[in-house]
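Student: Please read through the structure below; I'll follow up with questions.
The values are calculated or read from the model by the stated rules, or taken from the named source; none is laboratory data. Given the structure is predicted, the values throughout are model-derived calculations rather than measurements. Here the Cβ is made from the backbone with ideal geometry for all residues, glycine too, and neighbour counts use every protein chain on show.
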Amino acid sequence: MKTLTPTVLIVGAGPAGLAAAAGLARTVDVLVVERESEAGGIPRHSKHLGYGMRDMTRFMSGPAYAAILLEKAKQAGAEIMTHTQVTEFQADGTLVVTSPQGRFAIAPSVTILATGARERPRMARRIPGDRPSGVLTTGQLQNMVHLHGEKLHGRAVIVGGELVSWSAALTLREAGAKPVALISHYPKSESYRIFRGPGRFLFGTRVVTNSAVTRVIGKRTVSGVEIENSRTGERSVIDADIVVFTGDWVPDHELARMAGLDMDPVAKSPMVDSGLRTSKPGVFAIGNLLHPVDTADVAALDGEHVVDQVLAYLGGITEHPAGVGLTVDAPLRWVSPNIIRPRDVRPARGKLLFWTDKYVPLPVVEVRQAGRLIGSIRMIWPAAPGRVFRVPASILNRVDYSAGPVTISIRNA
Ligand SMILES: Cc1cc2nc3c(=O)[nH]c(=O)nc-3n(C[C@H](O)[C@H](O)[C@H](O)COP(=O)(O)OP(=O)(O)OC[C@H]3O[C@@H](n4cnc5c(N)ncnc54)[C@H](O)[C@@H]3O)c2cc1C
């Protein structure tokens, strides 16, 4: 089998992978492989505005944002291979890919995993009922509408109340369907109030909280969904022609597992330190593979952050002092990064990223080590399920690297 030997291989040409490629390709030989027909990742088929604020200080559509990132990577000299999927990550660091030209191997000095995250489809959510057509994820919906120009009609129910759920509502409207309801199992919809009010007013979409879909109804096509109120146990049916399952993210972690990287069992992401180094020397991870899902600019800034760490590795700095692990208490689900080492770089943007399973309106974040409170901060933003909660990494300033794991918790003030 033919073997390519780029200095750096980046798997995934989304915002994270492309930003890393743009930063590295000026100095070293970079190959980016992408399984889709075009580079750009999710923003490529997410046409609404909302991209680029933190990394480009601009506010633009997903495709425009993806095009700029791609251009920067190409101009820096990165080679980008589309239609090319990595299918194996072997223990010796060799990766096997399939492409229209056939299978070949890649043996790079450094591998950066930037494979992103995907929404759990209906089957993975184990929702019973019929198996009609018209049941989609946001990704599938936006692919149909924005990449293939398909039109839709009828009533749509959106399962989930995250920001991405409103993105699905926008796409449904654009395609000609009417998003009638957003179903959230939380007592309060996860997205910002700024989306809920206009959503109801402009689209006529009601948000149904404390509820879960218990059945999809319809033989060949969807005719409705049955929902159950978790407080009362009452069931009701909403007539619908389309059901879109949104959010409930799972990182695209298969390659990380195959490579034998240490994984966070809850987040299902590879464990990384503040330099985005995984447990395997020369393998780095960035973007929503680590924090499913934050915004695209945060993923791209991971890509920028990893550049110096990769160059340092290639320059011979391959050993790092032992660190301490970061763990979280419920309702926090995960923290990223989850290892910190003495004298290491600060995490990307100087922030720790968290996911919470409960709405905390006035969050106080507390850091404990060996039972002692060593740091605390009162945040002005609520912590809400369905979006990443970001906290300054300075809460870790008093960590003692000889005192064992650090636990981070959250409470309402
Ligand atoms: C509907 C929707 C709306 C959104 N709206 C916004 C918004 O308004 N603003 C915002 O900032 N963010 C938004 N986001 C979030 C944003 O899209 C993501 O944060 C961003 O795309 C993450 O970038 P990434 O590079 O980590 O992953 P991705 O964009 O997911 O890219 C990962 C890439 O890796 C490729 N890949 C995976 N596995 C392999 C493999 N084995 N071999 C080869 N290639 C592989 C995938 O095909 C993909 O192209 C939205 C997301 C969705 C789903």
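Student: Given the structure, is PRO363 more than 20 Å from ASP273 (Cα to Cα), crowded, with 21+ Cβ neighbours inside 10 Å and more than 19 Å from the chain's Cα centre (by Cα)?
Tutor: Considered against the rule, which asks whether it is more than 20 Å from ASP273 (Cα to Cα), crowded, with 21+ Cβ neighbours inside 10 Å and more than 19 Å from the chain's Cα centre (by Cα), PRO363 comes out as yes.
Student: While we're looking at this one, here's another question. In the stretch 262-288, what residues are without any contact (Cβ under 8 Å) to a residue 60 or more places away in the chain and in contact with a His (Cβ under 9 Å, 6 or more places away or on another chain)?
Tutor: Within the stretch 262-288, MET263, LYS268, ARG277 meet the criteria.
Student: Condition first: within 30 Å of HIS320 (Cβ to Cβ), touching a residue at least 12 places away in the same chain (Cβ under 8 Å) and of a type in the set (Ser, Thr, Tyr). Now tell me which residues in the stretch 357-413 satisfy that.
Tutor: Selection gives SER376, SER394, TYR401, THR407, SER409.
Student: Here's another thing I want to ask about it. Please specify each residue of the stretch 316-344 satisfying the condition of being under 24 Å from the mean Cα position of the chain (by Cα), surrounded by fewer than 20 Cβ atoms within 10 Å (Cβ to Cβ) and either of a type in the set (Phe, Trp, Tyr) or modelled with pLDDT under 95 (or both).
Tutor: none
Student: Checking the structure you have, find out if any residue of the stretch 21-39 is acidic (Asp, Glu) and under 14 Å from LEU113 (Cβ atoms).
Tutor: Just the residues of the stretch 21-39 that are acidic (Asp, Glu), to begin with: 29, 34, 36, 38.
Then drop every residue that is not under 14 Å from LEU113 (Cβ atoms), which leaves 34.
Within the stretch 21-39, one or more residues are acidic (Asp, Glu) and under 14 Å from LEU113 (Cβ atoms).
Student: Can I ask one more? Taking only the stretch 378-413 into account, find how many residues are among the β-branched types (Val, Ile, Thr) and farther than 24 Å from ASP344 by Cα. Steps first, please.
Tutor: The initial filter retains those residues of the stretch 378-413 that are among the β-branched types (Val, Ile, Thr), namely 380, 388, 391, 395, 399, 406-408, 410.
In the following step, the residues that additionally are farther than 24 Å from ASP344 by Cα were identified as 380, 410.
Looking only at that region, the number is 2.
Student: Counting only residues that are among the polar types (S, T, N, Q) and within 12 Å of the ligand (Cβ to nearest atom), which one in the stretch 275-313 is surrounded by the fewest Cβ atoms within 10 Å (Cβ to Cβ)?
Tutor: THR295
Condition check ((1) at pLDDT below 95; (2) in contact with a strand residue (DSSP E or B) (Cβ under 9 Å, 6 or more places away or on another chain); (3) among the aromatic types (Phe, Trp, Tyr); (4) more than 10 Å from the ligand (Cβ to nearest atom)) across all residues:
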| site | (1), (2), (3), (4) |
| --- | --- |
| ALA105 | no, yes, no, yes |
| MET123 | yes, no, no, yes |
| ILE127 | yes, yes, no, yes |
| SER133 | yes, yes, no, yes |
| THR138 | yes, yes, no, no |
| GLN142 | yes, no, no, no |
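Student: A further question follows. Being touching a Pro at 6+ places or on another chain (Cβ under 9 Å) and surrounded by 16 or more Cβ atoms within 10 Å (Cβ to Cβ), is that true of even one residue in the stretch 80-90?
Tutor: First pass over the stretch 80-90, keeping only residues touching a Pro at 6+ places or on another chain (Cβ under 9 Å): 83-84.
Filter once more, so that each one left must be surrounded by 16 or more Cβ atoms within 10 Å (Cβ to Cβ): 84.
Within the stretch 80-90 (the criterion being touching a Pro at 6+ places or on another chain (Cβ under 9 Å) and surrounded by 16 or more Cβ atoms within 10 Å (Cβ to Cβ)), the answer is yes, since at least one residue qualifies.
One line per residue, one yes/no per condition, for (1) free of Cβ contacts under 8 Å to residues at least 40 places away in the same chain; (2) more than 21 Å from PRO43 (Cα to Cα):
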{"residue": "ALA66", "(1), (2)": "no, no"}
{"residue": "ALA73", "(1), (2)": "no, no"}
{"residue": "THR87", "(1), (2)": "yes, yes"}
{"residue": "ILE106", "(1), (2)": "no, yes"}
